[in-house]
Amino acid sequence: MKITTAIFDLDGTLLNTLGDLRDSVTYAVEKHGFPPVSMEQTRIRIGNGVRKLVERSIPEESRTDEMIDTCLADFRAFYGEHMMNRTHPYEGIVSVLETLKENGVTVGVLSNKYDSAAKALIEHYFGNLVHITYGERPNIPRKPDPTSVLGLLDELGGQKETTLYIGDSATDMQTAVNAGLTAIGVTWGFRSAEELRASGADALAYEPSDLLPLFAYGVPDVSKAEKALTDYGFGFRYFETKDEAVSYLRDTCAGKSVSMGGSMTMKQLGFPENFADSTDAHWHWIDKGVYCQMPDIYLSSANGLSETGEIVNIDGKCNRVAATLFGPKRCIFVCGVNKLRPDLQSAIERARNIAAPLNAKRLNKKTPCAVDGRCHNCKSPERICRAMVIHMGVPSGFESCEVVLIGEKLGF
Ligand code: SF4
């Protein structure tokens, strides 16, 4: 489902404001004889408005309402003059906002920072890329109360079903959940992926460009993919984290001979080191050019996976796609959820315009896609796309074939 409205959090999501917040809160508390605040302390203490940041930075024994009000006034006076000293947009975020604008997505910002500062920062760093900004205002409850976000959504003219709420903290995820919006957690901000997942994130973005497929297609539907893949006869397992998936794969591969296709996913999962003690593992990336095409289990990732049950792989030497078609008794496709697309066409589009160009770049190929990240269907001698295989069922020579899908970003 195409998304038409975006509501972003500000601190830790669009802007890295940590340095100026830290300097300002340190100024405010030091003025009253309290210890300075570190960047890490600032990171942990923000997320519930600047009053809470100031309150948490005053030693408990001195934390009276009067002292909080005084330090808050000092904080505001200093921050008003210095809030653009060290603050900067996260790398890639302006480009994402420009793409959203080109695609007609309406963008709002909702912050627990006081209203005038939030508006000044958005105006300075993003100009007309953001349509409406709400900061903290008198008599309106702060996030995670849904009042503000629902008011903003109404003013933006958006519908809940076609809106993404994007933030970096548990407060943000709870705000989206409370408002009935799809919650996207970003991991480049002030909090961890674990915290975002635990507080209700529907999907995670690990870098700003990860947001674009979510706007184009919506959040991947794992249940739909499971049904379609199992209807085709594939086994299917879903693991939220790569650690859980590695544990399953280690148990599955123990005592067996295992071979792998060239795969960044496998590398990120710790292959073959994670398996060396229990598995007879072969990998031509380690034993250069030595192929074991008929192990007990063949492990491959995929360049694209569709919610309609197809598995797409592009290959150059073609050892990888060959082994997923004939030879081993068992094949396991291991994929991060970033590979999942709503249908076959968008899975092929991903394979050609994301996976293949990234691999061409990784391999230093002299192809046009290695330069601009898009497929030109080149006829270059260094072309890495020599075959595209679409699995639409388990090849009949296999005893079993399964998909292990992992709720993290893995591989290309
Ligand atoms: S066909 Fe050529 S341009 Fe297209 S992805 Fe493959 S190598 Fe790159």
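Annotations
- Straight-distance candidates among the aspartates and glutamates for linking to LYS409, with alpha-carbon spacing under 12 Å and chain neighbours fewer than 8 residues away dropped: GLU207, ASP210, GLU240.
- Sorted peptide list for 4-15, 255-266, 377-388, criterion being average Cβ within 10 angstrom, highest first: 4-15, 255-266, 377-388
- For LYS366, a cut-off of 20 angstrom between C-alpha atoms picks up these aspartates and glutamates, skipping any fewer than 8 places away in its own chain: ASP315, GLU382.
- When the alpha-carbon atoms of the stretch 222-406 are used, the pair Rg, Dmax equals 15.7, 44 angstrom.
- Of the residues TYR206, TYR134, TYR114, the one with the fewest other Cβ atoms within 10 Å heads the list, and the complete ranking is TYR206, TYR114, TYR134.
- Of all DSSP beta bridges in the stretch 222-406, antiparallel share, percent nearest 5: 20
- Over 27 Å (Cα to Cα) - which of LYS224/LYS365; LYS317/LYS339; LYS267/LYS361; LYS288/LYS365 fall in this group: LYS224/LYS365
- In terms of the mean number of neighbouring beta-carbon atoms within 10 Å, the peptides 329-339, 59-69 order highest first as 329-339, 59-69.
- Per principal axis, descending, Cα span of the stretch 118-209 in whole Å: 31, 27, 26
- Candidate membrane-span-like segments in the chain, meaning DSSP H helices with Cα atoms spread over at least 18 Å of their own axis and a Kyte-Doolittle mean of -1.0 or above, are 65-82, with no membrane implied.
- In plain terms, the C-alpha convex hull of the chain casts an average shadow of 22.4 nm² when viewed from every direction.
- Pairwise centroid distance, computed over Cα atoms, of the stretch 325-354 with the stretch 64-86, Å: 52
Read-outs throughout are calculated quantities, based only on the coordinates presented, and are distinct from any laboratory measurement. If you're wondering where the values come from, they're calculated on a predicted model, not measured in any experiment. Neighbour counts run over all protein chains shown; Cβ positions are idealised from the backbone, glycine included.
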